[in-house]
Each structure stands twice: as C-alpha cells, then as structure tokens.
There are 2 protein chains.
Amino acid sequence: MLSKMCLGVLGLLLAGAAVAEPLTIESQGSFFIGGREVKSDTLSTLPAYAPSGTITVEQMYVHYQIPAGPKKPPLTLIHGCCLTGKTWETTPDGRMGWDEYFVRQGFPTYVVDQVSRGRSAADPSIINSVKLGKTAVDKTPPVFSAGHEAAWAIFRFGPEYPKVYPGMQFPLEAVDEFWKQMVLDWAATLTTPNPTVPALSALAIKLKGTVLLSHSQSGIYPFQTAALSNEGIAGIISLEPGGCPAPDGDLKPYLKIPTVVVFADYVDLSTRWAPRLKLCREFAAAVQKAGGKTELMLLPEMGIKGNSHMLMQDRNSLDIAALLVGWINKNVAAP
Amino acid sequence: MLSKMCLGVLGLLLAGAAVAEPLTIESQGSFFIGGREVKSDTLSTLPAYAPSGTITVEQMYVHYQIPAGPKKPPLTLIHGCCLTGKTWETTPDGRMGWDEYFVRQGFPTYVVDQVSRGRSAADPSIINSVKLGKTAVDKTPPVFSAGHEAAWAIFRFGPEYPKVYPGMQFPLEAVDEFWKQMVLDWAATLTTPNPTVPALSALAIKLKGTVLLSHSQSGIYPFQTAALSNEGIAGIISLEPGGCPAPDGDLKPYLKIPTVVVFADYVDLSTRWAPRLKLCREFAAAVQKAGGKTELMLLPEMGIKGNSHMLMQDRNSLDIAALLVGWINKNVAAP
C-alpha cells in the first residue's frame with residue numbers, strides 16, 4: 001500500500017500536470033486529402049526544370065494535434081480569404097492561437113490550408129502558357145492579393161484605412177505582423193464549389209465525425225460540404241461567413257446538423273457585412289422553421305463588444321473560443 | 001520521508017514518461033521573420049478586391065515546438081525546391097517526421113517555409129499587370145512546378161521515371177502522397193541570395209544560436225547566411241546541397257562554424273548530383289586546409305545504403321536523424 005505522504009506527492013504531481021504550462025500531445029502530424037493529376041507542357045519555362053510532365057493539385061493540406069486524455073469531438077479549422085492555416089496559430093501579438101487552445105480543451109484539432117493556398121499546391125500551367133505565347137493574355141488566372149488598405153475595412157478594423165472603430169479588440173499595435181499572414185489567393189481560378197469542399201467531406205468521413213469550423217470566404221464551405229453529404233459532419237460553426245445558403249432553397253442538408261453562425265461587432269456599420277448577416281439571419285430562421293437546429297450567435301447582443309472580423313485573433317479571442325467550447329459541449333455528441 | 005514503495009512508483013512514473021508515446025511540449029507556435037511592403041496597382045483584377053494597395057512579401061513563416069525538459073541547441077529545418085515545411089513532417093507513408101523526432105530528442109525545432117512559398121506570401125502584381133496588358137508577356141514571372149517524371153530522377157528514386165534504383169529506401173508505395181507535397185516554386189522570381197537567407201540570419205540572431213539544417217535548393221542558404229554574418233549560427237548541416245561555396249573563394253565565413261555536408265546513395269549514377277558532391281568535397285577539403293571544421297558525411301561509405309535525395313522521408317529516416325543528433329552532440333555546444 002502507498003503511504004499517505006506518497007499519495008500526497010502523487011496528488012501534487014497530478015494537480016501540477018493539470019495546471020502546468022506544458023502540453024501533452026498523444027499524436028500529431030500532417031497529411032493531404034484529395035488531389036488530382038494534371039498533365040501539362042507548360043510546368044516550367046526554366047531550363048533546369050522540364051516543361052512537360054504531371055503534377056498533383058487540389059489536394060488539401062491538413063495538420064493535426066490530438067491531445068492526451070479524454071477526447072472531445074474533432075474540430076476542423078478552415079481559414080478565410082487570402083489567409084492560410086496560420087490564421088489559427090499564434091496571434092500577431094504573440095498570444096496562444098485557437099489551434100492550441102482547442103487541443104488544451106481536449107479537442108483533436110485539424111487545421112487545413114485551402115486547396116491551392118499555403119502548403120496546398122497551385123498549378124502554374126496557364127501562367128507559363130501565357131508567358132510562352134500559347135494562351136491569350138486575358139486568360140491569365142485571376143490570382144489576387146488583398147491590400148492592407150482594402151483589408152482594413154473588410155476585416156472591420158475600422159470604417160476605412162486607417163480609422164479605427166471605438167473599442168476595437170484587434171491588436172492593431174501588431175497589425176504589421178498580421179499583414180504578413182496574408183497570401184496570394186487562387187480561389188477565383190477554381191471550380192465552384194471550391195475543391196476544398198469535397199476535400200472537407202472526405203476529411204469528415206475519414207474522421208468519422210468532426211465539427212467544421214469555418215471563417216469568412218470559407219464560411220459557406222461546411223454548408224456546401226453538408227449538401228454533398230451529411231456523413232461525418234458532427235456540427236458546423238461558421239464565423240462571419242461570406243454567405244449562408246439561400247433561405248428559400250433546399251434546406252434538407254442542414255436540418256440534422258447542429259449549427260451556429262457567429263457574427264462579431266460593427267456589422268451594421270459595414271455595407272459589405274450587414275447584408276451577409278441579414279441573409280444568415282433569414283437562413284437560420286428558415287432552418288428553425290423547418291425543424292433544424294441552426295442558431296445565430298451575435299456577440300454584441302451577448303455583451304461581447306469590440307470584435308473585428310478576425311475574432312480568433314482579437315484580444316478576447318480565447319473568451320470567444322470558450323463560448324464555442326460551451327456551444328459544442330451542449331450541442332455536439334462526444335465521439 | 002517517502003517510503004521505498006512510493007519511490008518505486010515515482011520511478012515507474014518517470015520511466016513511463018521517458019518511453020511513453022505522448023510528447024510533452026513546453027511551448028509551440030508560429031511567427032514570421034522579415035518582410036517588406038510593396039505598393040502596387042495590380043494586386044487584383046477582380047471587382048471584389050481593390051487593384052491598388054500595399055501588401056507585405058518576403059517574410060518567412062516559422063513554426064516551432066520547444067520540448068519540456070533539458071534543451072539541446074535549437075534546430076532550424078529548411079526545405080528544398082518545390083516543397084514546403086511539410087518536408088519534415090509525417091512521411092508520405094505515415095511515419096514520424098524529423099520535426100517531431102528532433103523535438104523528442106530535446107531540440108527546440110523551428111520549421112520554415114521559404115520566402116514566397118507555402119505560408120510565406122508571394123506577390124501577384126506582375127502576373128496581374130501582364131493580364132491587364134500593362135507589362136510585356138515575356139516578363140511574366142518564371143514560376144514553375146517540377147513534374148513527377150522529372151522529379152523522379154532529381155530525387156534519385158531511379159535513373160529515370162519509373163525505373164527504381166536497387167535497394168531503394170524511399171517508400172515508393174506512397175509516392176502519390178509525396179507528389180502532393182510539391183508546390184509551385186517562385187524562387188527564380190526572387191533576388192540572389194534568396195530573401196530566405198537574410199531571414200535565416202535574423203532568425204539565427206533571434207534564437208541566439210541555432211543549427212541551420214538545409215536541403216537541396218536551400219543547401220547553400222546556411223553558407224550564404226554565414227557570409228552575411230556568423231552571428232547565431234551554432235552549426236550547419238547541409239543535406240545534399242544543390243551547391244557548396246567555391247573552394248577557391250573567400251572561406252573565412254565558414255572557418256569557425258561546425259559544418260557537415262551529407263550525401264546519400266546513387267550520387268555517382270546521377271549527372272546532376274555527381275558534380276555537386278565533387279564541388280562539396282573540394283569545398284570541405286579547402287575549409288579543412290584553412291583550419292575550419294567542415295566535414296562530409298557520405299552515407300554509403302558509412303554502410304548506410306539505398307537512400308534517395310529525400311533521405312528525411314526514406315524508410316531509415318530516423319536512423320539518419322539519429323546520426324545527425326550524434327554529430328550535433330559531438331560538435332555543437334549546448335545552449
């Protein structure tokens with residue numbers, strides 16, 4: 001038998017483990033979902049690399065961490081326009097990102113780079129074909145980057161660059177570090193729905209149940225994924241989606257999946273965002289009327305003020321993540 | 001005093017911690033190094049995004065994990081051509097990558113995406129300027145992807161696609177998963193040295209000492225970094241570099257840094273790689289003659305056979321990583 005003092009020491013060790021800073025990971029790693037082969041004669045215009053050959057594109061990069069201990073439902077974090085999975089990591093001012101926060105809360109957490117973005121390969125064929133005079137100049141793929149000035153208003157740091165909304169929670173003293181997160185976006189060169197959507201469906205099926213947590217450009221993706229198949233979708237959290245499904249469309253794909261659509265502050269002040277909230281409000285009402293469980297979470301109405309479009313990086317980002325953990329605990333069955 | 005049995009239980013717990021699968025991380029996260037602002041009128045050709053504005057480019061994405069417990073010198077892992085930091089993560093056939101292996105061996109480990117690759121932003125301005133007829137077509141940036149067929153020989157899976165060298169250690173049954181790691185490469189559109197080089201220098205200085213571990217296209221980067229400044233470079237491991245510094249050039253930057261250049265198998269069978277090994281052999285001899293500590297590690301001469309250019313993903317990848325840990329323990333001072 002263990003002595004009383006020994007049990008005390010063990011208890012101290014275990015309590016220490018629970019509150020200590022270090023994080024224990026059961027497993028981690030990365031893989032790709034999807035992808036298709038493309039044959040091209042314009043892969044390169046450089047002598048060192050052959051112009052003709054096969055490449056693989058439209059695969060989706062997935063990085064994951066699975067915490068030690070009891071498990072909550074897996075989460076899949078899907079970033080928005082002109083960004084990558086970096087969105088969910090360390091904030092621009094150096095605080096913990098949602099990727100790690102959720103792992104610390106017991107969620108196996110999967111962070112993706114959208115197809116043709118970040119570590120998910122894009123296709124240079126048409127660009128090189130234009131360079132070689134084989135394709136008309138106006139067929140050059142419409143790649144784009146969002147400039148700081150335009151992004152400022154889109155992300156609702158203020159009404160226009162460089163004005164700031166009063167009470168702003170985004171750490172604007174570190175905005176230069178945020179701009180470094182923004183990358184060239186190939187989304188407009190891809191099919192609709194974005195090939196990220198079937199990849200998310202395949203991931204959800206592989207995980208046998210995941211909450212799809214999307215943002216902005218990708219806000220609609222979980223709904224498009226549900227329209228392909230409900231299989232593996234344990235819940236949907238859509239943060240400030242660029243769009244919701246049409247309220248007068250086929251609502252059947254959305255009736256059985258616990259869903260919350262989240263909007264932050266200053267929405268009514270934005271001609272870009274106010275109509276999107278309106279549409280999502282109508283969509284949620286239509287789903288509820290049809291017997292489904294889609295709800296809206298409007299942060300200012302809950303007394304949480306000052307949040308930008310980049311709420312996962314705002315100063316109170318972990319408070320919002322904690323709210324979502326509460327919503328998941330209440331609405332999504334444990335695995 | 002603790003009872004004998006209690007000490008036994010504690011010992012068992014500690015021994016369990018040392019061999020158990022879970023990994024305890026003291027801290028982890030990501031950040032960018034470097035970056036400069038570019039003003040452009042051709043950021044976008046899409047109505048939804050303004051053409052004019054400022055973007056930030058040439059920053060280098062860095063993801064890190066710091067293990068709990070005693071620390072070895074920080075490692076910085078730098079991937080090669082047409083690849084990203086994914087290179088060091090889970091192998092195509094699902095085994096542990098070097099990123100995690102080194103953390104488990106006590107090394108704070110930093111994995112970068114080269115400038116303009118992966119999560120490090122590229123600049124669409126000239127592509128859009130061509131699309132809009134403002135820039136001549138032949139000025140289209142020479143972006144490229146390596147096709148599977150050409151990469152097969154470059155990575156020395158065999159003499160030519162799809163022939164396989166006898167005794168091949170690369171997990172070719174999972175080669176389709178490997179192809180998904182390959183991305184569009186902007187390196188030829190950038191200055192020389194690649195802007196990744198000053199970013200590596202800034203990272204080394206920030207870390208107050210790191211071993212720069214590079215591969216292939218980036219093989220030369222640690223040497224170029226040392227030529228900028230030796231500050232913060234605790235050691236150099238260059239895996240199958242695309243080039244070594246000229247043996248008859250200024251060797252002073254390389255004399256004080258413990259350095260090892262590693263080549264794998266089948267090099268003499270490759271007209272691409274044999275001259276590179278020859279150059280590195282001459283460089284190492286010149287540094288040694290001048291009193292420096294650059295050495296060659298030729299795996300086949302050590303009895304380690306069958307390794308491809310992607311040795312960090314070969315079946316015996318962790319054996320090679322263990323060799324490098326031995327080299328670091330012997331040659332690089334603890335922090």
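Before moving on, here are some points about what is shown:
- The alpha carbons of chain A occupy a box of 82, 49, 45 Å along the principal axes, longest dimension given first.
- In plain terms, the bigger the Kirkwood radius, the slower the diffusion; for region A:27-79, with that radius from Cα pairs, at 10 °C and 1.306 mPa s, Stokes-Einstein puts D at 111 µm²/s.
- 3J(HN,Hα) along region A:210-222, derived from phi through the Karplus expression 6.51 cos²θ - 1.76 cosθ + 1.60 where θ = phi - 60°, amounts to 8, 8, 7, 10, 10, 8, 6, 3, 8, x, 7, 4, x Hz, with x in place of Gly and Pro.
- Cross-link partners of residue A:86 among aspartates and glutamates (Cα-Cα below 13 Å; sequence separation of 8 or more within a chain): A:99, A:100, A:113, A:177, B:113
- Each of the peptides B:293-302, A:109-118 was scored by the mean count of other Cβ atoms within 10 Å over its residues; in descending order, highest first, they stand as A:109-118, B:293-302.
- Other copies of residue B:302: label-to-label distances in nm, shortest first, labels 7 Å along the beta-carbon direction: 5.4
- Summed side-chain charge close to residue B:133 - residues other than residue B:133 whose Cβ falls under 15 Å, Lys, Arg +1, Asp, Glu -1: +2
- Amide hydrogen proximity for residue A:132: with H placed 1.01 Å from N in the peptide plane, no residue at 5 or more positions away or on another chain lies under 5 Å.
- Stokes-Einstein D for region B:151-224, Kirkwood Rh over Cα pairs, 20 °C, 1.002 mPa s (µm²/s): 143 µm²/s
- Pseudo-label separations to other copies for residue B:333 - Cα-to-Cβ vector, 7 Å, nm: 6.1
- Cβ-Cβ FRET estimate between residue A:71 and residue B:295, R0 fixed at 30 Å, reported to 0.05: 0.05
- Sorted by Cβ density within 10 Å, fewest first, the residues B:221, B:165: B:165, B:221
- Counting Cβ atoms of other protein chains within 10 Å of each residue's Cβ and taking the mean over peptide B:66-78 gives 1.
- Interchain or long-range residues, amide H under 5 Å from residue A:234's placed H: A:210, A:211, A:212
- Near residue B:306, once Lys and Arg are set to +1 and Asp and Glu to -1 for all other residues with Cβ below 11 Å from its Cβ, the sum equals +1.
- HN-Hα J in Hz across region A:328-333 - Karplus 6.51, -1.76, 1.60, θ = phi - 60°, x for Gly and Pro: 5, 4, 7, 10, 10, 5
- In straight-distance terms, cross-link reach from residue A:139 covers every one of the lysines whose alpha-carbon lies under 27 Å from its own, apart from those fewer than eight places away in the same chain; here that gives A:39, A:131, B:39, B:131, B:134, B:139, B:180.
- Peptides ranked, highest mean first, by Cβ atoms within 10 Å: ranges B:34-47, B:51-64, A:171-184, B:77-90: B:77-90, B:51-64, A:171-184, B:34-47
- With N as its number of residues, region A:183-236 has a Cα radius of gyration that, divided by 2.2 N^0.38 Å, comes to 1.11.
- At q = 0.10, 0.19, 0.23 Å⁻¹, base-10 log of I(q)/I(0) for region B:218-325 (Debye sum, equal scatterers on each alpha carbon): -0.27, -0.96, -1.30
- In a reduced charge model with +1 at each Lys and Arg Cβ and -1 at each Asp and Glu Cβ, region A:131-198 shows a dipole moment near 360 debye about its Cα centre.
- Hz values of 3J(HN,Hα) by residue in region B:182-192 - Karplus curve (6.51, -1.76, 1.60), Gly and Pro given as x: 7, 10, 4, 10, 9, 3, 6, 8, 9, 6, 10
- Label sites at residue B:208 and residue B:246, each approximated as a point 7 angstrom past Cα along Cα to Cβ, lie 3.8 nm apart.
- Dipole of the protein assembly as shown computed with +1 at Lys/Arg Cβ and -1 at Asp/Glu Cβ about the Cα centre; of B:297, B:284, A:48, farthest Cα towards the positive end is B:297.
- Relative contact order computed over chain A (Cα-Cα under 8 Å; 6+ residues apart), in percent: 16 percent
- Calculated label separations, residue B:149, copies of the chain, 7 Å along the beta-carbon direction, nm: 4.7
- Lys/Arg +1, Asp/Glu -1 at C-beta; region B:99-165 dipole; positive extreme among B:118, B:146, B:129: B:129
- Nonlocal amide H pairs with residue A:239, under 5 Å, H built at 1.01 Å: A:214, A:215, A:216, A:262
- Scaled to the globular estimate 2.2 N^0.38 Å, the Cα spread of region B:94-242, given as radius of gyration, is 1.23.
- Three-way shape label, the protein assembly as shown, alpha-carbon gyration tensor, a/c 1.5: oblate
- Shielding by partners for peptide B:51-64, expressed as the average number of C-beta atoms from other protein chains within 10 Å of each residue's C-beta, is 5.
- Shielding score for B:98-107, defined as the mean number of other chain Cβ atoms within 10 Å: 1
- Cα-based Rg and Dmax for region B:90-174, where Dmax is the largest Cα-Cα distance (Å): 19.2, 54
- Basic side chains Lys and Arg get +1 at the Cβ, acidic Asp and Glu get -1 at the Cβ, and with that the dipole of region A:270-335 about its Cα centre reaches some 200 debye.
- Taking every Cα-Cα distance in region A:24-128 and sorting them into 5 Å bins from zero, the calculated P(r) comes out as 2, 12, 17, 17, 15, 12, 9, 7, 6, 2, 0 percent.
- Those aspartates and glutamates that a straight Cα-Cα span of less than 18 Å connects to residue A:252, excepting residues fewer than 8 apart in one chain: A:231, A:282, A:295
- Note on chain A: dipole from Cβ charges, positive end direction compared against A:198, A:157, A:81; the farthest Cα belongs to A:198.
- Lys, Arg +1 and Asp, Glu -1 on Cβ, resulting dipole of region A:225-335 about Cα centre, debye, nearest 20: 140 debye
Throughout, read-outs are computed from the coordinates displayed, never taken from laboratory work. The shown structure was predicted, so the numbers you read here are calculated from the model rather than taken from an experiment. Reconstructed Cβ throughout: ideal geometry from the backbone, glycine too, with neighbour counts over all protein chains shown.
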